[in-house]
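The values are calculated or read from the model by the stated rules, or taken from the named source; none is laboratory data. Predicted model only: the values in this text are computed from it and were never measured. Glycine also receives a Cβ, built like all others from the backbone with ideal geometry; neighbour counts cover every protein chain displayed. These area figures cover heavy atoms from the full protein model, side chains too; ligands, DNA and RNA do not enter into them. Shrake-Rupley method; radii C 1.70, N 1.55, O 1.52, S 1.80 Å.
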Amino acid sequence: MIRGRATGFTLVEMLVVLVIIGVMIGGAVLAIGVAGRDRALETAADRLAALIEYGGEQAELQSRDLGLSVLANQYSFLSFDPVTAQWLEIRDDELRPRRLPDGLAFEVSLEGRRIVVPETATKLAPTPQIVIGASGELTPFAITIRRTGTSSSILVETDDEGRVATGELQEQTP
């Protein structure tokens, strides 16, 4: 009796194809620079910049001064109440207080001078480091969001025209 040879791929042939595909995908990922980027750092910077711009729009639309209070790893938006002459924390959905992901921290410079950022809020009434005026003016600032324990950072700052800009992610190997 003559047996015919079965058609199809052997297990070894299929494994070789899978290895080749894996090497090609790995090379493509490395070539486009996706591997190793700190997405949490970039996302935190983009969110902060967008919220500051949004706060500026709200300040102009509502004709009220807003402020940004920055702590070591969290920030909150404040609204100035002219009746009590105090800054009050905004608790709406968009401008609610936010915390940075674990391992990230702020460094703040105002008008070119670095300031000390408190670790936690005090029991006193909150005060903003950055004021967003009802006229649309914004305190010149530079906020660096840094990954603790590394040299990875990203900068959110005002440009020459008073707009908020996000810099490129800085990742330096020690």
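Pick the calculated Rg/Rh (Cα atoms, Kirkwood Rh) for this structure from [x] 0.98; [y] 1.12; [z] 1.30? Of the labelled values, this structure produces [z]. Entry comment: accessible area of the chain is 67 Å² per residue, from protein heavy atoms only and a probe of 1.4 Å.
Using C-alpha pairs below 8 Å separated by at least 6 residues, the relative contact order for the chain is 22 percent. Only protein heavy atoms count here; on that basis, with a 1.4 Å probe, I20 has an accessible area of about 90 Å².
Each Lys or Arg adds one and each Asp or Glu takes one away; over the other residues whose Cβ falls under 13 Å from the Cβ of N73, this sums to +1. Computing FRET efficiency as 1/(1 + (r/R0)^6) for R64 and D102, where r is the C-beta to C-beta distance and R0 is 45 Å, gives about 0.85.
Of the accessible area of region 39-174, computed with a 1.4 Å probe over protein heavy atoms only, carbon and sulfur atoms account for 48 percent. With respect to the chain, whose longest principal axis is taken over its alpha-carbon atoms, helix 11-32 is tilted by about 30°. For the residues A28, A125, A50, a GNM of the chain with alpha-carbon springs under 10 Å puts the largest fluctuation on A28.
Sorting R114, R47, R147 on solvent-accessible area from highest to lowest, probe radius 1.4 Å, gives R114, R47, R147.
What the Kirkwood sum gives for region 87-174 is a hydrodynamic radius of 14.9 Å, with every pair of different alpha carbons counted. Tally Lys/Arg at +1 and Asp/Glu at -1 over every other residue whose Cβ is under 10 Å from the Cβ of V164; what's the total? So the surrounding residues net to -2.
Its DSSP H runs of at least 4 residues, each contributing -39,500 (n - 2.57), put the calculated 222 nm mean residue ellipticity of the chain at -9500 deg cm²/dmol, to the nearest 500. The largest accessible area among D38, D92 belongs to the first residue in D92, D38, and the rest follow in falling order (1.4 Å probe, all chains). Classify region 48-98 from the C-alpha gyration tensor, please: rounded if a/c falls under 1.5, else prolate or oblate depending on whether a/b exceeds b/c. Note, shape of region 48-98 comes out oblate.
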